[in-house]
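Read through the structure below, which is laid out as structure tokens, and then see the notes.
The values are calculated or read from the model by the stated rules, or taken from the named source; none is laboratory data. On a predicted model such as this, the values are computed, not experimentally measured, just so you know. Please note: Cβ atoms are built from the backbone with ideal geometry, for glycine as well, and neighbour counts cover all protein chains shown.
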Amino acid sequence: MELSQVPSDRIIIVGAGIIGLGIGWRLARAGRDVLIFDRDRAGQAASHASAGMLTPLAEVRHEEEALLKLGLKSLERFPEFVGQLESESGLSVGYRPDGVLLVGVTRDDIEYLSFRYDYQRDLGLPVEWLSGTQAREREPQLSPRVGAAVWCPGDQQVDNRLLVKALREAFLKAGGSLVESTPVEAIDVAHERIRGIVAGDKSYRAATIILAAGCWSCLIPGLPGPAMPPVRPVRGQILRLQMTEDCTLKTIVWYNRAASSAVAYLCPKDGGHLVLGATSEEMGFDDSLTAGGIFELLRAAWEVVPGIYDLPIIETAAGLRPGSRDDAPILGKTPIHGLIMATGHYRKGILLAPVTADAIAELVLTGNTHEDIRPFGIDRFAA
Ligand code: GLY
């Protein structure tokens, strides 16, 4: 097949979600020739259905210390990342260093909360145990049934949709090119080296390809086995409610309802939307909304913030998170020369956008794999 006459030092990014756009922006502003392809419109998949939580403290899980470290690094970079992005795009991204209240109602919930709190303390994280009354002083909308809470003041949030918009704008302003609604049909590999891609029946030559296509990263033909990222879709259903004067939250409220294992988080956004998420369902590529999913979310949220009962529903949505085999991202070089992974960010795509963008840009520009991303190479799945 004839390759189109484009410079061979061009960088192609597959996927224009928050990860692909973030990397593309960093590389384009460093003067590189970057072309991003997306099967849909930029940022309309998992990045759109997210709640924009930047919550490594609240959401830490056992045996994920390396991921916690990466999350904290990324969180630390957010103010600078946002500052630069807002100034270069001319758009605000609704960044809010609000903190998170993890809450419990039943004895089971509070046992779980206390187990999580002990772990957070063992890790040296700055968290505080609150009684129900203390929690309501912080967030008066909480139900009188909330019996205890853990306050995570270091956690933050951003408006994920505004972030995507600003990244798209900044990327284009920095000279990057974006091809939307054009799935990549194949990655062209010869002698364990990248040659380019095929998209929209055309071939594009590139010396570097960055695979950032979320849960679709494993479906692109042409990759040999050891370079195929083991990612799967994990469905998240989400709602947007309109807060009113009678029911406005100040901080993110996060509830793990032990009785049904449902997790509900309520994220108040500038402008008055309350994002309420999210289910975690292994349903393959089915991104339907279900009555059961929405019911579980609403029941859990209503138990801890009863005032949501009267709030208008603005939107329901579902997205597919890219979960890897160990639920951590897949970042860095692959056995194919010129092919770089930036996928599998699962529940943390928004949080990990700055650290991913910086480390992958550094890898492309200097060949150096930053220590931040070394534990997350695709080679960990080789065995
Ligand atoms: N970051 C939360 C979620 O994916 O549900």
All positions within region 51-61 that are out of contact with any strand residue (DSSP E or B) (no Cβ under 7 Å at 6 or more places or on another chain) and either touching a residue at least 60 places away in the same chain (Cβ under 8 Å) or surrounded by 21 or more Cβ atoms within 10 Å (Cβ to Cβ) (or both):
Pro56, Glu59, Val60
When residues of region 38-61 are filtered for being in a loop (DSSP other than H, G, I, E, B) and among the hydroxyl-bearing types (Ser, Thr, Tyr), how many remain?
2
Please state which of the following conditions Ser89 fails to meet, knowing it meets all the rest: (1) more than 16 Å from the ligand (Cβ to nearest atom); (2) surrounded by fewer than 22 Cβ atoms within 10 Å (Cβ to Cβ); (3) farther than 27 Å from Asp326 by Cα.
(2)
Failed item, numbered, when Tyr119 is tested on (1) closer than 30 Å to Gly83 by Cα; (2) of a type in the set (Phe, Trp, Tyr); (3) part of a helix (DSSP H, G or I)
(1)
Result of the Cβ filter at 6 Å on region 367-381, keeping first residues that are more than 18 Å from Glu64 (Cβ to Cβ) and partners that are of a type in the set (Lys, Arg), at least 6 apart or interchain, is none
Within region 278-286, is there a residue that is touching a helix residue (DSSP H, G or I) at 6+ places or on another chain (Cβ under 6 Å), modelled with pLDDT of 95 or more, assigned to a loop (DSSP other than H, G, I, E, B) and closer than 30 Å to Leu219 by Cα?
yes
I'd like to check something: does region 123-144 contain any residue that is of a type in the set (Val, Ile, Thr), part of a loop (DSSP other than H, G, I, E, B), modelled with pLDDT of 95 or more and under 29 Å from Ala301 (Cβ atoms)?
yes
Among the numbered criteria (1) over 26 Å from Arg96 (Cβ atoms); (2) of a type in the set (Ser, Thr, Tyr); (3) more than 16 Å from the ligand (Cβ to nearest atom), which one does Ser261 miss?
(3)
Residue that is nearest to the chain's Cα centre (by Cα) [pool: residues in region 349-383 that are in a helix (DSSP H, G or I) and among the small types (Gly, Ala, Ser)]
Ala353
Within region 154-270, which strands (runs of 3 or more DSSP E) (wholly inside it) include 2 or more residues that are farther than 22 Å from Pro335 by Cα?
177-179, 202-205, 231-242, 252-257, 262-268
Give me the residue from region 48-78 that is within 11 Å of the ligand (Cβ to nearest atom) and farther than 18 Å from Tyr255 by Cα and, out of that set, modelled with the highest pLDDT.
Gly71
Restricting attention to region 62-87, which residues are outside any helix (DSSP H, G or I), touching a residue at least 40 places away in the same chain (Cβ under 8 Å) and among the acidic types (Asp, Glu)?
Glu64
